[in-house]
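Have a look at the structure below, then the notes.
Read-outs: derived from the displayed coordinates by stated rules, not from any lab. Keep in mind the model is a prediction, meaning the values are calculated, not measured. No Cβ is skipped: glycine too gets one built from the backbone with ideal geometry, and neighbour counts run over all protein chains shown.
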């Protein structure tokens, strides 16, 4: 499937206009757009522009309320519980992480949970907010059920990503991963590219392994059984119960400690109900932050310098690919799948945005006409 | 390989005497023994009695100092850093978790890191200490390098387990897992049973997959390359970088925030240097603990009740197997591998303990004589 490269500033401007047209203030549109474009700059195409149409649909269906305001319903010096009142996930999340950071700066560490929210984009964005201010950041979210627990056949947990960010040089440690083998977004990319799924990624509605991308995505929507496997795959021997365990940890720090909906109850009966969790820790409560940062940076460098497997040239530390991707994609442009371009165009037409003012004549794009 | 079943009270009494003979006080011997026997009762044979001989060797080699006292070197109301001064891991860990629990009861949450310690047994023991008091518990430890980072060929990270415990009914949630596909202890059990390794567990010294149990264990000791794969296996496609990422999280909360030795520097040049991390969170900082517990217990029951894969009869929640194992093994006896019995006998003879007073005439045990 063909990709088109667009300048990230053009995509940013388009995205900001799109969200104002969907009912958000200019300021809120900027916040949401920054999360999406950061994902594309990180090279995580599944969580960038290609999600725009799903947010549009979420608003149309009434799952996402553009005017909602987050409300703190419980708090202590080290914690808060926030009700997002069905608002946009990114707005609730940025607000919650800012509260966690503020409390951690005063108390040393703090955790904030959020209920009644919606899809918030990449978990790593919020963890990195803390690291950008010299703190350790943690972020997690539950989501519509797509993960089948070990020995089950029905999706009961979300992709349930958790992200950790820690200040380091020359770039922060940033580990952001779904607790499934892969995300639903990755399956959507495979579906757009009309590719079969690799082994050990997904189960059919009877709980057997399958390669059929389209049917897995359909069964997730219809909730008729089937879904994605936990990290570690199909059996206890390969550690599938561990991925399932990490998904539970995510659930505890999002839906359980916020008294919100667990993944298996979100996105049903016209209610979103996604829950998030955030934590910030000031390394100063463990000693000299500069020394800790240096100690950690040394270890990261030792990992990068460690002997490589035969045939490999490089060991990455987490966040390294993202840091390098930002520079490269800013220079080369953001690659956008033509199907995503088509969705963006549909949305622009629907919302009354002059698409060609941003991107020129899209009908000239190779492969685009076949989508009509 | 044959197993012999012994009553857990007999093993407890033997173990307590063994540790006093190794130089620990009666009280300390009871603490250490409880961690080991709990592991055997949980059905985690790899971390129970079979580790006794390794602790004995650790003391003989001078890695473990039986007389060492843990010292708090830095603290705030939400944190502490402890120097274990090369003491026994279990003693440093129980002390550290108790401090985390005490601080969490006052401040809402607390994290304690430990440096210059040794192998501490099962991570779950300490996480459960918090859950037994109505708190959320977290525990992690680094260890001698056995995990090869994605695209590497040399072990740079430990098995780096993390454990999470959360109060629930009818039993607590207890998720305790190495961030490798399997633990070194599991490889030791395979070696004792003279079994080959399954696919996707380990790499040889060039960074290629291998099934050779003995050579992997040897290469871990000689540090000549090779080791165990992270959870998620060999490639990024199956999520190996995620297991590597969780191992990094463990390292951050143990060796980094204690300014201790990272896994690749522990257990070298006659120094242990293992580091641990502990956290306790009072659910009361998120609302009514009873309601949160009920909310979580409902979700756990929904998981157990969810539709099973064709051919499966049961979905477990984490900690369920352990809770049921305790009852069963207390009734049936602890299964101990005859090679472990042999090691226990050797240790008893060496330390001047009357082995037969505890276990009768071991030479009558099937398979035992072949070990001499």
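A few notes on this one:
- Contact order normalised by residue count of chain A, Cα under 8 Å, 6+ apart, percent: 22
- Where Rh is the Kirkwood radius over Cα pairs, Rg/Rh for segment A:12-77: 1.04
- Considering segment B:185-228 at the alpha-carbon level, its Rg and Dmax are found to be 9.3, 26 Å.
- Peptide A:229-242 - average C-beta neighbours from other chains (10 Å radius): 6
- Taking a ≥ b ≥ c as the square roots of the eigenvalues of the Cα gyration tensor, chain A is classed as rounded, since a/c falls below 1.5.
- Put the Cα centre of segment B:247-261 next to the Cα centre of segment A:71-142 and the gap is 24 Å.
- Percent RCO, i.e. relative contact order, over segment B:1-72, from Cα pairs under 8 Å lying at least 6 residues apart: 25
- Shown for residue A:269: label points 7 Å from Cα along the beta-carbon vector, and their distances to the equivalent points in the other copies, 6.4 nm in ascending order.
- What separates the residue B:85 label point from its copies, with the point 7 Å along Cα to Cβ, is 5.7 nm, written shortest first.
- Kirkwood hydrodynamic radius (C-alpha pairs) into Stokes-Einstein, segment A:1-120, 10 °C and 1.306 mPa s, D in µm²/s: 104
- Which of B:45, B:71, B:361 has the fewest Cβ neighbours within 10 Å, and the rest in rising order: B:361, B:71, B:45
- With both labels modelled 7 Å from their Cα along Cα-to-Cβ, the residue A:211 to residue A:357 distance reads 4.8 nm.
- Computed Kirkwood radius, in angstrom, where 1/r is averaged over Cα pairs of segment A:233-369: 21.1
- Choice from B:127, B:100, B:306 showing the highest fluctuation, given a GNM over chain B with Cα pairs closer than 10 Å: B:306
- Label point 7 Å beyond Cα of residue A:196 along Cβ direction - residues of segment A:206-249 with amide nitrogen under 14 Å: A:209-215
- In plain terms, the residue of B:178, A:39, A:70 with the fewest other Cβ atoms within 10 Å comes first and the most crowded comes last, giving A:70, A:39, B:178.
- Inter-chain shielding of A:153-159 (mean C-beta neighbours from other protein chains, 10 Å cut-off): 3
- Ranking of A:5, B:184 by neighbouring Cβ atoms within 10 Å, starting from the fewest: A:5, B:184.
- Between A:323, A:131, A:155, the Gaussian network model of chain A with springs among Cα atoms under 10 angstrom shows the greatest mean-square fluctuation at A:323.
- Projected-area average for the protein assembly as shown over all orientations - Cα convex hull basis, square nanometres: 30.0
- GNM remark for chain B: springs join alpha carbons under 10 Å apart, and the peak mean-square fluctuation among B:303, B:36, B:197 falls on B:303.
- Segment B:206-303 pair-distance distribution - Cα-Cα, 10 Å bins, rounded %: 13, 24, 31, 19, 13, 1
- Euclidean distance of C-alpha centroids, segment B:276-326 and segment B:17-42, integer Å: 29
- Computed over segment B:185-228: relative contact order in percent, which uses C-alpha pairs under 8 Å that are six or more apart: 35
- Only helical runs count toward this figure. For chain B, summing -39,500 (n - 2.57) over DSSP H runs of n ≥ 4 and dividing by all residues gives -12500 deg cm²/dmol at 222 nm.
- Per residue of B:195-207, other chain Cβ atoms within 10 Å of the residue Cβ number 2 on average.
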